[in-house]
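For reference, the structure discussed in these notes is given below.
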């Protein structure tokens, strides 16, 4: 099968691959730019940016300052080529500020999930930016599309469908995750396309979850998807922001090390077993004070651990206190390599 290009709004890439955002600091300027230079859509993770100490007293402004720096750096590294975008979690307390800052920096696209991005078009206004909601069911998509049309006369420019085998925060209950086959990507696509047809949205639909090879991409294309979003497989890319000790932790892990726990965000989250996760699974709670207030849905008095602190530990290589978000396909992570090596496998 010839791997097609991908067009979203007025943006186009040689290959139908969006690199997932992946915070904290995994999806950095270097990874996003390398993806664009290799022929995909490059995405900057907007969560957990800024100087750690300064963020304790000025979280919003510090996040904005570093986001601006990352966007400009990514554009410089890819010589102004497009498309460079950001991933913005709805659960973030500074969601509006991040979106508005991204728009002011003339970002090409915004991916938004970890909640329903109902107010996203309001913060974008009439800016020429592609809006890509992340959903896990036709029902969720209908809520988003109906609200966008009614309130803002705006339709999505593409849809990312996250299946139950995705990494990170999941749009499924624990009961649904016990029956993943009933919510697989092939079963989700018809209901998503039906909603798009109902609201006259002729836009690309991308699959996300356990995609790690050309064969996986070809399978999604044969099902009727227009492309894919890939996260876990790019975690160990040379350009990804993690410390090498964390990348090696992923490579040494296997699919048997993958578990689902409850995140402080309030959603199930798929992660690798680690010293921190083992403590969480035993019911231990890490007492902490929260100077950031980065998540609207996090209650520091009840949360089992600080997710910001845990993800920063992953970024810095402190594997004892790290949270390693992952999809189900950890076995596919064999080595640290340039992201270009993967895209080379998609060439004819």
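Taken together, the values in this text are just the output of simple stated rules run on the coordinates, not laboratory data. Model, not experiment: these values are computed from the prediction. Neighbour counts are summed over all protein chains in view; Cβ atoms, including those assigned to glycine, are modelled from backbone coordinates with ideal geometry.
Could you tell me how far the Cα centroid of the range 1-41 sits from the Cα centroid of the range 230-292, in Å?
Answer, in whole Å: 24.
If each DSSP helix of 4+ residues adds -39,500 (n - 2.57) and the sum is divided by the residues in the chain, what number results at 222 nm, nearest 500 deg cm²/dmol? Intermediate values should be presented prior to the final figure.
Details: 13 runs with 123 residues, N = 348.
One gets -10000 deg cm²/dmol as the mean residue ellipticity at 222 nm.
With the cut-off at 1.5 for a/c, could you classify the chain from its C-alpha gyration tensor as rounded, prolate or oblate? Numbers along the way, then the final one.
On the way: a/c = 1.26, a/b = 1.18, b/c = 1.07.
Rounded, since a/c falls under 1.5.
Tell me the relative contact order for the range 1-151 as a rounded percent, counting alpha carbon contacts under 8 Å between residues six or more apart. Don't jump to the answer; show the numbers that get you there.
Numbers: 272 pairs, mean separation 27.1, N = 151.
Reported as a whole number, the value is 18 percent.
Take every Cα pair under 8 Å in the chain that's 6+ residues apart, average their separations, divide by the length, and report that relative contact order as a whole percent. Don't skip to the answer; put the middle values down first.
Values: 741 pairs, mean separation 63.6, N = 348.
18 percent.
Taking 7 Å along the Cα-to-C-beta vector as the label spot, tell me the residue 122-residue 146 distance in nanometres, rounded to one decimal.
For the pair residue 122/residue 146, the computed spacing is 1.9 nm.
How much length would be gained if the chain were fully extended between residue 179 and residue 348, taking 0.36 nm per residue of separation minus their Cα-Cα distance, in nm to one decimal? Walk me through the numbers on the way to the answer.
Details: separation 169, 0.36 × 169 = 60.84 nm, distance 3.71 nm.
Here the answer is 57.1 nm.
Can you compute log10 of I(q)/I(0) for the range 83-128 with the Debye formula, treating each Cα as one identical point scatterer, at q = 0.17 Å⁻¹?
Debye curve over Cα of the range 83-128, log10 I(q)/I(0) at q = 0.17 Å⁻¹: -0.40.
Take the alpha-carbon centre of the range 152-211, take the same for the range 64-125, and report the distance between them in whole Å.
With the range 152-211 and the range 64-125 each reduced to a Cα centre, they are spaced 22 Å.
Of the DSSP beta bridges with both residues in the chain, give the percent that are antiparallel, rounding to the nearest 5.
Working: 12 of 39 bridges.
Antiparallel bridges make up about 30 percent of those DSSP assigns within the chain.
Between residue 1 and residue 287, what's the calculated FRET efficiency when r is the beta-carbon distance and R0 is 56 Å? Round to 0.05.
Values: r = 53 Å, r/R0 = 0.95.
Approximately 0.60, to the nearest 0.05.
Take the alpha carbon gyration tensor of the range 193-348, find the square roots of its eigenvalues, order them as a ≥ b ≥ c, and report rounded if a/c is under 1.5; if not, report prolate when a/b exceeds b/c, else oblate. Could the numbers behind the result be given before it?
Details: a/c = 2.30, a/b = 1.40, b/c = 1.64.
Oblate.
Working only with C-alpha atoms, what are the Rg and Dmax values of the range 154-264, expressed in angstrom?
Looking at the range 154-264, its Cα Rg and Dmax stand at 15.8, 48 Å.
So what's the range 206-298 giving for Cα Rg divided by 2.2 N^0.38 Å, two decimals? Write down the numbers at each step before the final one.
Values: Rg = 16.6 Å, N = 93, 2.2 N^0.38 = 12.3 Å.
Normalised Rg, Cα atoms only: 1.35.
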